[in-house]
Amino acid sequence: MNALIASLRRALPALLLTCTLPVLAPLHAAPAAATTTKDAVLLPVPNDPSVSFRLWFKVGAQDDPAGKEGLAALTAAMLTDAATRQNSYEQILDRLFPLAAGYSASPTMEMTVIHGRTHKDNLEEFYPLFVDAVLNPAFKPEDLDRIKSRTLNLLETTLRFASDEELGKAVLYQEIFAGTPYGHLPAGTVAALKSITVDDIKAFYTQHYTRDNVVIGLGGGYAPALVDRLRADLAKLPAGAPAVVPAPQPKPISGLRVTLVEKDATATALSLGFPIDVLRGSKDWYALAIANSWLGEHRNSGSHLYQVIRETRGLNYGDYSYIEHFPNGGQRFLPPQNVARRQQIFEIWIRPVPNEARHFALRAALREFRQLVDGGMSAADFETRREFLKKYVVHYATNTNERLGYAIDDAFYGLKESHLATFRRMMDELTVADVNAAMKRHWRYENMQIVAVTPKAAAFADALVADAPSPITYSSPKPDAVLTEDKVISTYPLKISRENIRIVPVTELFAK
């Protein structure tokens with residue numbers, strides 16, 4: 001109950017702030033441009049009544065030492081979800097609550113962002129608390145115990161047994177990046193978490209939370225003097241920049257490789273994908289964005305996979321695809337900020353389908369993907385999708401805080417023109433030929449990693465190896481055209497070899 005109350009006390013201020021502050025930039029207005037220097041990304045918006053902070057430390061799960069997976073995330077949480085030398089955690093919550101303000105950490109694979117937001121009228125009361133969290137963490141053992149317990153619960157209970165969709169996606173990433181610095185969840189592993197001590201946290205903080213390893217992100221209605229004040233305070237951090245971890249080099253995938261997570265589940269969650277080298281800023285990224293939007297735009301009922309699997313056949317809640325990391329897809333509609341990576345994957349997410357339809361749904365998704373790559377987009381679909389995206393992308397960042405997040409991501413990727421501006425410009429410049437050529441260059445339907453969270457995994461493996469027919473039945477009548485296509489889908493060859501399938505009990509995941 002205490003944890004629940006603390007959680008509510010942390011969430012409520014941000015919710016109140018969101019509810020009480022108006023959207024400052026009408027969607028049709030050109031948003032303010034950020035100014036980026038070596039140590040700062042500044043987005044002043046004088047008429048914005050809020051001030052947004054995003055301190056980007058160039059550290060993430062890729063920096064976790066071997067055997068200490070999860071250390072980066074725990075360290076970040078020990079700054080924002082724990083006591084400082086001056087205030088206990090309860091005292092911090094008590095002081096933030098009346099301000100309708102808050103701060104938290106977003107530790108991801110390559111970035112850790114400490115972000116906070118307050119009404120500018122409360123800035124003088126909020127700022128000392130925010131800076132104190134970064135400069136003077138107390139690193140109390142009782143806070144570490146609490147945060148470790150929360151993280152272990154995430155791995156051992158929530159992810160394994162209460163979120164098959166997130167579980168499947170997590171295993172997909174682990175399989176694709178096995179043996180690289182991306183090869184574990186930012187949350188870490190059970191064994192590693194249990195081994196992490198306060199001394200580990202202190203050493204990691206000293207090494208990575210330095211004045212030479214942070215980029216200031218500041219947005220909203222702040223006075224210029226705040227930038228100097230923040231610079232002066234962060235200068236109190238120790239000097240030094242840790243070595244940069246090389247970008248991961250995932251092993252090539254040959255054929256269709258399958259990991260079946262054995263679990264007594266009432267439905268089967270499917271995730272499939274492969275690594276791609278295309279990043280924001282390149283022409284091919286925006287070309288793939290158009291094709292991806294047609295195939296599986298997140299939470300968009302007009303996308304093709306959604307129409308084929310959910311709308312026409314009613315097999316599940318949704319079916320989507322992605323060309324860059326999109327964590328917590330079940331809790332958000334639009335892409336998040338500050339989860340940038342130097343290595344991305346193409347990913348298809350099939351939300352849970354009835355177990356008896358798992359083979360059919362997998363075939364349907366792979367068949368549609370192959371048909372798109374081989375056949376390309378039609379001119380009509382291309383025109384519809386680029387017109388949709390040109391308007392839809394405006395919603396990606398509707399307030400200063402989100403635009404600041406995107407500006408920091410632009411700095412991560414080294415972009416001279418903002419990603420969002422490039423996105424809209426490319427919608428006018430790209431041709432359908434560009435899109436179809438980009439798909440053939442970067443999308444490989446024959447070499448993919450597949451993950452299924454499913455019961456009776458051995459039987460599924462046998463069916464996959466045998467390429468056994470997977471006919472489907474419905475509880476209500478379907479048009480003849482659908483039934484005719486079903487016959488084709490049910491025997492669509494996957495050609496999966498036995499040696500490319502492995503079965504993992506759910507209880508063994510994330511153990512070490």
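The values are calculated or read from the model by the stated rules, or taken from the named source; none is laboratory data. Here the structure is a predicted model, which means the values were calculated and not measured. Note: ideal-geometry Cβ built from the backbone for every residue, glycine included; neighbour counts use all protein chains shown. Areas reflect the complete protein model, heavy atoms only, side chains present, ligands, DNA and RNA absent. Shrake-Rupley method; radii C 1.70, N 1.55, O 1.52, S 1.80 Å.
What the table below lists for this structure:
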{"quantity": "Cα lying deepest toward the dipole's positive end in the chain, options Val214, Asn436, Thr400, charges on Cβ", "calculated": "Asn436"}
{"quantity": "Nearest-20 debye value, the range 317-381 charge dipole, Cβ charges on Lys, Arg, Asp, Glu", "calculated": "220"}
{"quantity": "Ellipsoid equivalent to the chain - semi-axes via the Cα gyration tensor, in Å", "calculated": "40, 28, 20"}
{"quantity": "Shape category assigned to the range 329-394 from the gyration tensor of Cα positions, a/c cut at 1.5", "calculated": "oblate"}
{"quantity": "For the range 178-321, diffusion coefficient by Stokes-Einstein and Kirkwood Rh (Cα), 10 °C, 1.306 mPa s, µm²/s", "calculated": "76"}
{"quantity": "Set of lysines near Lys120 by C-alpha distance (under 25 Å), chain-local residues within fewer than 8 positions excluded", "calculated": "Lys236"}
{"quantity": "Three-way shape label, the range 437-512, alpha-carbon gyration tensor, a/c 1.5", "calculated": "oblate"}
{"quantity": "Net charge contributed by nearby residues that have their C-beta within less than 14 Å of Phe460 (K/R +1, D/E -1)", "calculated": "+1"}
{"quantity": "Isotropic mean projected area of the C-alpha convex hull, the range 29-117 (nm²)", "calculated": "8.1"}
{"quantity": "Potential extension, Glu311-Ala243 segment - 0.36 nm per residue separation minus Cα distance", "calculated": "19.5 nm"}
{"quantity": "Shape of the range 283-432, Cα gyration tensor, a/c cut at 1.5", "calculated": "prolate"}
{"quantity": "Rounded to the nearest 20 debye, dipole of the chain from Cβ charges on Lys, Arg, Asp, Glu", "calculated": "240"}
{"quantity": "Estimated FRET transfer efficiency (Gln86, Asn328; beta-carbon r; R0 25 Å; 0.05)", "calculated": "0.15"}
{"quantity": "Where labels lie 7 Å past Cα in the beta-carbon direction, separation of Lys416 and Arg342 in nm", "calculated": "2.2"}
{"quantity": "Residue-normalised accessible area of the chain, given per residue in Å² at a 1.4 Å probe", "calculated": "41"}
{"quantity": "Full-stretch length increase - Arg229, Thr37 - with 0.36 nm per residue and alpha-carbon distance subtracted", "calculated": "67.5 nm"}
{"quantity": "Length added when fully stretched, Ala203-Ala162, from 0.36 nm per residue minus Cα-Cα", "calculated": "11.4 nm"}
{"quantity": "Apportionment of accessible area to carbon and sulfur, the chain, percent (1.4 Å)", "calculated": "55"}
{"quantity": "DSSP bridge orientation in the chain - percent antiparallel, rounded to nearest 5", "calculated": "70"}
{"quantity": "Lysines with Cα under 19 Å of Lys495, excluding same-chain neighbours fewer than 8 positions away", "calculated": "Lys487"}
{"quantity": "FRET efficiency, 1/(1 + (r/R0)^6) with R0 25 Å, evaluated for Lys236 and Ser195 via beta carbons", "calculated": "0.25"}
{"quantity": "Set of the range 259-296 residues, backbone N closer than 20 Å to the point 7 Å along the Cα-Cβ line of Asp462", "calculated": "259-265, 268"}
{"quantity": "Residue (of Ile350, Val453, Gln371) at the positive-pole extreme of the chain, dipole from beta-carbon charges", "calculated": "Gln371"}
{"quantity": "Using a Förster distance of 30 Å, the FRET efficiency for Thr384-Arg211 (Cβ separation, nearest 0.05)", "calculated": "0.05"}
{"quantity": "Anchor Lys194: lysines whose Cα lies under 28 Å away (excluding residues fewer than 8 positions away in-chain)", "calculated": "Lys58, Lys68, Lys140, Lys148, Lys169, Lys202, Lys263, Lys512"}
